[in-house]
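The values are calculated or read from the model by the stated rules, or taken from the named source; none is laboratory data. All of these numbers come straight from a predicted model, not from anything done at the bench. Note that each Cβ is placed from the backbone with ideal geometry, even for glycine, and that neighbours are counted across all protein chains shown. Only protein heavy atoms, including side chains, enter the accessible area calculation; ligands, DNA and RNA are left aside. Shrake-Rupley method; radii C 1.70, N 1.55, O 1.52, S 1.80 Å.
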Amino acid sequence: MTFNRDLLPDPTTYFEAQNLKLSGPRSAKWKTTECRFHGGSDSLRIHTATGAWVCMACNEKGGDVLAYEMKSTGTEFVAAAKTIGAWVDDG
């Protein structure tokens, strides 16, 4: 089994599936939403192309949707990758 970065879900689709409402201009690369790590209503910024995210208040951050999945659920890398469909069974 192996991790395949190409199978990471589209960031906008992933975060909206987490019931996060992304706001900001349609053309903006960074969108704003609530931070569930500290309860802020509009402090989490999400890059819609890469999935990178950072909270401007509590400074939680990560580089992609996998990092968010791991942080928000408390799961390890392999379990999080399987959950979001980026883990491939080579057999």
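Overview of values
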| quantity | calculated |
| --- | --- |
| Residue within region 1-18 that is under 19 Å from ALA81 (Cβ atoms), of a type in the set (Val, Ile, Thr) and not in a helix (DSSP H, G or I) present | yes |
| Region 4-15 residues that are farther than 12 Å from TRP53 by Cα and acidic (Asp, Glu), paired with ones that are assigned to a helix (DSSP H, G or I) and open to solvent by 40 Å² or more (accessible area, probe 1.4 Å) (beta carbon under 6 Å, 6 or more apart) | none |
| Tally of residues being outside any strand (DSSP E or B) and closer than 23 Å to THR12 by Cβ across region 78-91 | 7 |
| Extreme residue, surrounded by the fewest Cβ atoms within 10 Å (Cβ to Cβ), among residues of region 34-89 that are of a type in the set (Ser, Thr, Tyr) and at pLDDT 95 or above | THR73 |
| Residue check for LYS21: part of a loop (DSSP other than H, G, I, E, B), open to solvent by 30 Å² or more (accessible area, probe 1.4 Å) and charged (D, E, K, R) | yes |
